[in-house]
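Data block below; observations after.
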Amino acid sequence: MRTFSVLNGLPVISLTGGKEIGKVIDLLFHKTHVEGFLIDQNGWLNRHLFVPLENIHAIGHDALIIDDVKELSTFDKKQFPFYSLHNGTKKIVGKTLMSTEGEKLGLVEDVYFNENLGNIVGYEVTDGLIADLKEGKRVLKSTTPLTVGEEVLVIDLNC
C-alpha cells in the first residue's frame, strides 16, 4: 500500500532507452480504481503525458519504470473522464470530506492505494496544521467510491 505523496516528483524512466521521460505529477482515478499517472514531460514542449497503471513495469523508491515511451499518450483533460488529486477541475485534494451521516471529516490531503491491484483503499485527511501536530493526520478507509461534488466529497465509512 502506498500514498501518492511518496510518488509525487519521482522520475519516469523508460527501459527501452534508459531515458528519463519526465516526473510524476498526479494520480488519475475513476471511482475506487487508479487508472494511471500524469507525467510532466521533460523538454521544450513540456506536455503532460498519461501512463496507464497496467503499462508500468515497476514503482520503486527512486523512480517509476515503464517498458517503452510508446505506452504514454498525450494528456487531454477533455478525453480523460478521470478524477485527479491535484490538477484540473476534477481534483480532490483540499476539498472537504463529509461522511454519509453528515459529519465533516476534514480536508483530503492524499490517497492510499494498492499499486498491484490499482484500488484506492483510503484517504488521508487533515484538520489543519495545529490539529495535525497535536493528533496527526487521519486515514479513513473505504471501499466505496467517493461522491465528488464541486466543493464537497462524500464518503460512506460503513462499508
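Look at Phe75 and say whether it is at pLDDT below 90, farther than 22 Å from Ile21 by Cα and surrounded by 13 or more Cβ atoms within 10 Å (Cβ to Cβ).
no
Give the residues of the stretch 63-90 that are free of Cβ contacts under 8 Å to residues at least 24 places away in the same chain and either under 19 Å from Thr32 (Cβ atoms) or not hydroxyl-bearing (Ser, Thr, Tyr) (or both), sorted by residue number.
If the condition is that a residue be free of Cβ contacts under 8 Å to residues at least 24 places away in the same chain and either under 19 Å from Thr32 (Cβ atoms) or not hydroxyl-bearing (Ser, Thr, Tyr) (or both), then Lys70, Glu71, Asp76, Lys77, Lys78, Gln79, Gly88 are the ones that fit.
Could you check how many residues of the stretch 45-62 are over 18 Å from His33 (Cβ atoms) and buried (at least 16 other Cβ atoms within 10 Å of the Cβ)?
Residues in the stretch 45-62 being over 18 Å from His33 (Cβ atoms) and buried (at least 16 other Cβ atoms within 10 Å of the Cβ): 2 in total.
Do the conditions hold for Ile56, that is, is it among the aliphatic types (A, V, I, L, M), closer than 29 Å to Thr144 by Cβ and more than 14 Å from the chain's Cα centre (by Cα)?
yes
The values are calculated or read from the model by the stated rules, or taken from the named source; none is laboratory data. Keep in mind the model is a prediction, meaning the values are calculated, not measured. Positions of Cβ are backbone-derived with ideal geometry, glycine not excepted, and every protein chain shown enters the neighbour counts.
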